[in-house]
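Before any comments, here is the structure.
Bear in mind these aren't lab numbers, they're just calculated from the coordinates by the rules spelled out. Here the structure is a predicted model, which means the values were calculated and not measured. Here the Cβ positions follow ideal geometry from the backbone for every residue, glycine too, while neighbour counts run over all protein chains shown.
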Amino acid sequence: KRKEDYKLRELRIFLRDICRKLASNRRFYKFTKPVDLEEVTDYLDIIKQPMDLETMMTKVDMHKYNCAKEFLDDIDLICANALEYNPDRTSSDKQIRHEACSLRDHAHALIDVEMDSDFELECQDIAKKR
Ligand SMILES: COC(=O)N1C[C@@H]2C[C@@H]3O[C@]2(Cc2nccnc23)C1
């Protein structure tokens, strides 16, 4: 329906801005592009559903997100993947796990601050029907 499509267009504009802010934060550099599978040859043995911020920006443009919760589910996937692939008590693993938790918390905080909660509830109703 036309009114629903206007709401989803507003959601896409909002999600592109969130994605841009996260991808421009140097702390989240490791999460901006897919893990290089030629460099990290065992990555897909461990991580069954890779995700990154560039892929998420493409998904926004392809109308894959019908509410902010679906967007945050992919942010949570980026974080869970990093915790799973980098579990050791080495400083490098600890650092990427910290960065992943920071990405997750920043994303949820940005959406809670900038998103009208009634608007998200309307989007979640649209998402259920699609
Ligand atoms: C989201 O990013 C990650 O989970 N990782 C894990 C990989 C292990 C380590 O760091 C990553 C990239 C990399 N490339 C070459 C050699 N070693 C590494 C980034």
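The one condition from (1) exposed (fewer than 14 other Cβ atoms within 10 Å of the Cβ); (2) within 16 Å of the ligand (Cβ to nearest atom) that PHE28 does not meet is (1). Could you please let me know if MET51 is farther than 30 Å from LYS1 by Cα and out of contact with any Pro (no Cβ under 7 Å at 6 or more places or on another chain)? So MET51 passes the test. Listed by first and then second residue, the pairs with beta-carbon distance under 6 Å, at least 6 apart or on different chains, first residue in the range 14-40 and among the small types (Gly, Ala, Ser), second more than 9 Å from the ligand (Cβ to nearest atom) and not in a helix (DSSP H, G or I), are ALA23/THR32.
For the range 108-122, taking the residues that are surrounded by 10 or more Cβ atoms within 10 Å (Cβ to Cβ) and either among the β-branched types (Val, Ile, Thr) or within 17 Å of the chain's Cα centre (by Cα) (or both), the one that is nearest to TYR6 (Cα to Cα) is identified as GLU120.
Residues in the range 85-103 that are of a type outside the set (Lys, Arg) and more than 9 Å from the ligand (Cβ to nearest atom): PRO87, ASP88, THR90, SER91, GLN95, HIS98, CYS101, SER102, LEU103. Would it be correct to say that ASP74 is within 14 Å of the chain's Cα centre (by Cα), within 19 Å of ASN25 (Cβ to Cβ), free of Cβ contacts under 8 Å to residues at least 24 places away in the same chain and surrounded by 17 or more Cβ atoms within 10 Å (Cβ to Cβ)? Yes; evaluated as a whole, the condition is true for this residue.
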